Amino acid sequence: MRNEPTAATQHLLQLMRTGATDRAIARELDVSLRTLNRRIARLQSMLGVQSRFQLGVLAAELDWLAVSGEATAVAGGSPA
């Protein structure tokens with residue numbers, strides 16, 4: 001299933017893209033680390049990838065990584 005990502009999936013990918021720690025991402029999404037890891041694992045499984053790196057590459061290839069100033073604030077970075 002490689003349809004358009006949900007808003008929640010896109011937000012998760014944007015946060016991962018910033019390089020923020022799992023703890024910071026979980027805090028931003030208001031979920032536990034366990035829930036965050038389950039969401040990432042489910043997304044990896046859905047897309048048929050084995051690693052977060054592969055997930056990022058495929059998400060980029062599918063054009064799922066929209067630029068967002070909101071997500072970059074978590075990692076303390078600036079928009080690319």
Sum up the charges of everything whose Cβ sits under 10 Å from the Cβ of I40, counting Lys and Arg as +1 and Asp and Glu as -1, but leave I40 out.
-> +3
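Please work out how much length the chain gains when fully extended from R27 to V57, using 0.36 nm per residue of separation minus the C-alpha to C-alpha distance, in nm with one decimal.
Full-extension gain reported as 8.3 nm.
Magnitude of the Cβ-charge dipole of the stretch 1-59, K/R +1 and D/E -1, about the Cα centre, nearest 20 debye? Write out the running numbers ahead of the final one.
Working: 9 positive and 4 negative charges, 36 e Å.
Dipole magnitude for the stretch 1-59 comes out near 180 debye.
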Which whole-Hz couplings ³J(HN,Hα) result when phi for each residue of the stretch 45-56 is put into the Karplus expression 6.51 cos²θ - 1.76 cosθ + 1.60, θ = phi - 60°, listed in order with x for Gly and Pro?
-> 5, 4, 8, x, 10, 9, 9, 5, 4, 4, 4, x
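For the stretch 1-54, which trypsin sites (Lys or Arg not before Pro) pass both filters: DSSP loop (anything but H, G, I, E, B) and at most 15 other C-beta atoms within 10 Å?
Answer by residue number: R2.
Just so you know, all these numbers are worked out from the coordinates, no wet-lab data involved. This structure is a prediction, so every number in the text was calculated from the model and none was measured. Positions of Cβ are generated from backbone atoms using ideal geometry, with glycine treated the same way; all protein chains shown enter the neighbour counts.
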